[in-house]
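Input: a single structure, listed below in structure tokens.
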Amino acid sequence: MKNNEFGKVVLRLALGIIFFIHGLAKFQGGITNTVGFFDSIGIPGFLAYVVALIELIGGAALILGLGTRLVSILLAVIMLGAIFTVKFSVGFLGNREMAGYELDLILLAASIYFVLAKQSELSLDYKLFRSNKTS
């Protein structure tokens, strides 16, 4: 196995696990808390369900390497939203009340990588929908 392919798998698995756990936590912690938080910052509460489902299902899909490009686009949009609506105002490292946007930024960067990267040979995308396109 090529080092580049191994690196892609490690990054995709880490990204998938992080988002899966964040989505799961939103449901386990009571999605109504997330709905309330969204409402409190001026975002329609129903979007909490959308975000949590994208994180949960998208995270699982990334782990499998299924729909990687589409899922990564959705996750990048979520990270941009989190950075600019919540995290940017507290700074890169945050404050005593809230974490900064450093984690969101690396998750955004990793998501963008998978939007632009060639399909990994070690993914369901590659096995099921092999493409000669490289980007």
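The values are calculated or read from the model by the stated rules, or taken from the named source; none is laboratory data. None of these values were measured; they are calculated from a predicted model. When we count neighbours, we look across all protein chains shown, and the Cβ atoms used for this are built from the backbone with ideal geometry, even at glycine.
What the table shows:
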{"read-out": "Criterion: of a type outside the set (Phe, Trp, Tyr), surrounded by 14 or more Cβ atoms within 10 Å (Cβ to Cβ) and within 10 Å of the chain's Cα centre (by Cα) - qualifying residue of Leu64, Leu108", "value": "Leu108"}
{"read-out": "Close pairs (8 angstrom Cβ cut-off, 6 or more residues apart or separate chains): within 15 Å of Gly81 (Cα to Cα) in region 26-45, in a helix (DSSP H, G or I) and basic (Lys, Arg) anywhere", "value": "Thr34/Lys26"}
{"read-out": "Residue selected from region 80-105 under the condition exposed (fewer than 13 other Cβ atoms within 10 Å of the Cβ) and among the charged types (D, E, K, R), by the criterion farthest from Ala48 (Cα to Cα)", "value": "Arg96"}
{"read-out": "Pair list, Cβ < 9 Å and 6+ apart or interchain, from region 4-20 residues that are crowded, with 22+ Cβ neighbours inside 10 Å to residues that are basic (Lys, Arg) and modelled with pLDDT under 95", "value": "Lys8/Lys118"}
{"read-out": "Restricting region 33-63 to residues that are among the small types (Gly, Ala, Ser) and not in a helix (DSSP H, G or I), the residue that is farthest from Ile17 (Cα to Cα)", "value": "Gly42"}
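One line per residue, one yes/no per condition, for (1) over 19 Å from Thr34 (Cα atoms); (2) out of contact with any Lys or Arg (no Cβ under 7 Å at 6 or more places or on another chain):
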position	(1), (2)
Ile73	yes, yes
Val77	no, yes
Ala82	no, yes
Phe92	yes, yes
Glu102	yes, yes
Leu107	yes, yes
Ile112	yes, yes
Val115	yes, no
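Yes or no, residue by residue, for (1) in contact (Cβ under 8 Å) with a residue 60 or more places away in the chain; (2) within 18 Å of Leu13 (Cβ to Cβ):
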position: Leu80; (1), (2): no, no
position: Val86; (1), (2): no, no
position: Phe92; (1), (2): no, no
position: Gly100; (1), (2): no, no
position: Ile106; (1), (2): no, yes
position: Ala109; (1), (2): no, yes
position: Ala117; (1), (2): yes, yes
position: Ser123; (1), (2): yes, yes
